[in-house]
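Please read the structure below before turning to the comments.
The values are calculated or read from the model by the stated rules, or taken from the named source; none is laboratory data. None of these values were measured; they are calculated from a predicted model. Here Cβ is always computed from backbone atoms with ideal geometry, including for glycine, and neighbour counts include all displayed protein chains. Heads up: the accessible areas ignore ligands, DNA and RNA and are worked out on the full protein's heavy atoms, side chains in. Shrake-Rupley method; radii C 1.70, N 1.55, O 1.52, S 1.80 Å.
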Amino acid sequence: MFASKYPGAASFRVTLYGSLAATGKGHMTDKAIEDALQPVASVKIIWKPQVFLPFHPNGMNFEALDGQGNVMESWTVYSIGGGALSEGEKDSELPHQQDIYQLNTMNEIMKWCDDNGYSYWEYVDQCEDEGFWDYMMEVWQVMKASIERGIEHEGRLPGPLNLSRKAPTYYVKATGYKPSLQSRGLVYAYALAASEENASGGVIATAPTCGACGVVPAVLYHLSKGHGFSDKRILHALGTAGLFGNVAKQNASISGADVGCQGEVGVACAMASAAACQLFGGSPSQIEYAAEMGLEHHLGMTCDPVCGLVQIPCIERNAFAATRALDANLYASFSDGKHRVSYDRVVRVMKKTGHDLPSLYKETSEGGLAATL
């Protein structure tokens, strides 16, 4: 966006702040910036991990410079999670667009479904435009491809940890177990595959973020392959998963730098739980219950990536969250859907819990597991 506005710039200067600076190299933030700006002009990146801008921990400032080094234009923007950008106001997400969903809590949406006899995916269908399901198919294809590449991709992951890929080994080992254990092992393998593709700079689908990109694909790929669900039903499940993710993003956050890993892997687990429960015929209340459990049992999870890489503990967390999503679906399916704590309430608690966490435990690589290694 910035490069297109200043094609005549002699050079660019980009300052990364807070969590974005602390984990930027591990997340390949500098590579992404250089890939976009260097075709226009040279780029200098400045890292300020100790400086936190007021709106969000992931702040960055872009400057376009003329031939004498004078600043032609400056733009401060925030990476607020899942690839979304904001200019620093509550409703300033980029690109600017009107709200697609008029209802922004699950209680409101569930009441609408009950009153109209619709499922969650049908509410999504009512709100989105005609190209939505084609886009969902593209997302599903990318998810499947990331898993299939990851299962075949052997060797070490990039970075100083020298971590070996596990997905190919888990996949091969899982095929040798009896069906009850094989199923769980395959889910591990699928989640590892997508997460390892992310860790090595491969193409993945944010669901809801890059760091949590293995959970939803693993669950849906497993159910597609193991239970024969059609692409159409998988897409409907994806629509429902996205709806639960949107509610969390709208009312709390899906940024590890803002609320910790509960906002990434926790929300991903809620999305996958809802998707699985819908596929197995859950009612709106059972689906909401499954999602609530998926998020509730990740409350307080810190974001403490070792060396700022999306590897330890991130990759394993994706695998465990995928299996927890299947457990949440099963638990909710045994129930009548009635429960005391709503998904909306857990989202509010997640936001408060995340903001109560010291910044050390929110994607700065300065606390928790990151500090011990």
> Do we have any residue at all in segment 229-238 that's of a type in the set (A, V, I, L, M, F, W, C), under 15 Å from the mean Cα position of the chain (by Cα), within 22 Å of GLN141 (Cα to Cα) and open to solvent by less than 10 Å² (accessible area, probe 1.4 Å)?
Replying inline: no
> How about segment 138-194: which of its residues are of a type in the set (Gly, Ala, Ser) and either open to solvent by 30 Å² or more (accessible area, probe 1.4 Å) or in contact with a Leu (Cβ under 9 Å, 6 or more places away or on another chain) (or both)?
Replying inline: ALA145, GLY150, GLY155, GLY159, SER164, ALA167, ALA174, GLY176, SER180, SER183
> Going by the structure shown, is GLY242 over 30 Å from GLU122 (Cβ atoms) and open to solvent by 10 Å² or more (accessible area, probe 1.4 Å)?
Replying inline: no
> Can you find even one residue in segment 352-365 that is free of Cβ contacts under 8 Å to residues at least 60 places away in the same chain and under 24 Å from THR240 (Cα atoms)?
Replying inline: no
> Would segment 89-107 turn up any residue that is among the aliphatic types (A, V, I, L, M) and buried (at least 19 other Cβ atoms within 10 Å of the Cβ)?
Replying inline: yes
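Please go through segment 137-159 and give me each residue that is free of Cβ contacts under 8 Å to residues at least 40 places away in the same chain and part of a helix (DSSP H, G or I), ordered by number.
GLU138, GLN141, GLU152
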> Consider MET60 against the criteria (1) over 22 Å from LYS249 (Cα atoms); (2) surrounded by 20 or more Cβ atoms within 10 Å (Cβ to Cβ); (3) modelled with pLDDT of 95 or more: it satisfies all of them except one. Which criterion is unmet?
Replying inline: (1)
> Which residues, counting only those in segment 117-136, are open to solvent by 60 Å² or more (accessible area, probe 1.4 Å), out of contact with any Gly (no Cβ under 8 Å at 6 or more places or on another chain), of a type outside the set (S, T, N, Q) and assigned to a helix (DSSP H, G or I)?
Replying inline: ASP134, TYR135
>> Condition first: open to solvent by less than 50 Å² (accessible area, probe 1.4 Å) and among the β-branched types (Val, Ile, Thr). Now tell me which residues in segment 12-45 satisfy that.
In response: VAL14, THR15, THR23, THR29, ILE33, VAL43, ILE45
>> Here's a check for you: in segment 32-74, which residue that is in contact (Cβ under 8 Å) with a residue 24 or more places away in the chain and charged (D, E, K, R) is farthest from PRO305 (Cα to Cα)?
In response: ASP66
> Can you tell which of TYR289, TYR331, TYR361, TYR343 is out of contact with any Gly (no Cβ under 6 Å at 6 or more places or on another chain), of a type in the set (Phe, Trp, Tyr), over 12 Å from VAL265 (Cα atoms) and crowded, with 22+ Cβ neighbours inside 10 Å?
Replying inline: TYR343
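I'm checking my understanding of the structure. Among residues of segment 63-85 that are among the hydroxyl-bearing types (Ser, Thr, Tyr) and farther than 21 Å from GLY201 by Cα, which one is surrounded by the fewest Cβ atoms within 10 Å (Cβ to Cβ)?
Among them, the one singled out is SER74.
Do the conditions hold for THR323, that is, is it modelled with pLDDT of 95 or more and under 23 Å from GLU138 (Cβ atoms)? Explain how you work it out, then say what you get.
Numbers: modelled with pLDDT of 95 or more: yes; under 23 Å from GLU138 (Cβ atoms): no.
No.
Test MET271 against the criterion of being open to solvent by 10 Å² or more (accessible area, probe 1.4 Å), under 25 Å from SER19 (Cβ atoms) and touching a Phe, Trp or Tyr at 6+ places or on another chain (Cβ under 8 Å), and give yes or no.
yes
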